[in-house]
Amino acid sequence: MSDVPALLPVEEARARILERCAPLPTEWVPGDDALGRALAEDVLARRTLPPWDNSAMDGYAVRTADLSSPLPVRLTVGETVFAGKLPTRHVTPGTCARIMTGAPLPPGALAHH
């Protein structure tokens, strides 16, 4: 006979390990000391940041109604909105705005392409 212990099925081995484990107590630490730790509960932001809908990438802010006809669609670029700047014009029927990453979507724009 061999002195090798019998192997346990995965489920039984997992159950044996977990019955001997207990979660660590929670503690509050400053954010700078949190490196390498795990959150004990969800953290919710008190406000949206940035506080506006913004562009995730360079592209064009458009009205979805203007894209409902078969492609290609021609739109007039009303302005270019850079990150850190506010739009100065509304996106109106037949127009769009060139928009850079991080820039706020102009009023009237419901999509970004």
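Since every read-out is calculated from the coordinates, none of them should be taken as a lab result. Only a predicted model underlies this, so the values are computations on that prediction, with no experimental measurement involved. FYI the Cβ positions are ideal-geometry reconstructions off the backbone, even for glycines, and counts take in every protein chain you see.
Toward the positive end of the charge dipole of the chain, with +1 on the Cβ of Lys and Arg and -1 on the Cβ of Asp and Glu, the farthest Cα among 34, 87, 48 is that of 87. Extending 7 Å from Cα along the Cβ direction at residue 57 and again at residue 74 yields two label points whose distance is 2.7 nm. The loop-placed GluC sites (Glu not before Pro) in segment 1-33, going by DSSP, that have at most 12 neighbouring Cβ atoms within 10 Å of their Cβ come out as 27. Under 5 Å from the amide H of residue 110 lie the amide H atoms of 62, 63, 64, each residue being 5 or more positions distant or on a separate chain, with H modelled from the backbone and absent for Pro and chain starts. Residues in segment 97-108 carry Karplus couplings, in order, of 10, 6, 9, 9, 3, x, 6, x, 5, x, x, x Hz; the curve used is 6.51 cos²θ - 1.76 cosθ + 1.60 with θ = phi - 60°, and Gly or Pro positions show x. Averaged over residues, the count of other Cβ atoms within 10 Å places the peptides 98-108, 77-87, 30-40 in the sequence 98-108, 77-87, 30-40, highest first. Database remark: amide H of residue 83 closer than 5 angstrom to the amide H of 100, 103 (H placed geometrically; neighbours at sequence offset of 5 or more, or on other chains; Pro and chain starts carry no H). Each Lys and Arg Cβ is given +1 and each Asp and Glu Cβ -1; about its Cα centre, segment 1-60 then shows a dipole of about 100 debye.
Whole-Hz Karplus values for segment 41-47 come out as 8, 5, 10, 10, 6, 7, 8 Hz, taken residue by residue from phi with 6.51 cos²θ - 1.76 cosθ + 1.60 and θ = phi - 60°; glycine and proline positions read x. When only Cα pairs below 8 angstrom with a gap of at least 6 residues are kept, the chain shows a relative contact order of 27 percent. Over the residues of the chain, the helix contribution to mean residue ellipticity at 222 nm works out to -2500 deg cm²/dmol, using -39500 (n - 2.57) for each DSSP H run of at least 4. Under the convention that each Lys and Arg Cβ holds +1 and each Asp and Glu Cβ holds -1, the size of the dipole of the chain around its Cα centre is about 760 debye. Any idea what log10 I(q)/I(0) is at q = 0.22 Å⁻¹ for the chain, Debye with uniform C-alpha scatterers and no solvent? For the chain at q = 0.22 Å⁻¹, log10 I(q)/I(0) is -1.14. Kirkwood radius for segment 59-103, taken over all pairs of different Cα atoms as the inverse mean of 1/r, rounds to 10.9 Å.
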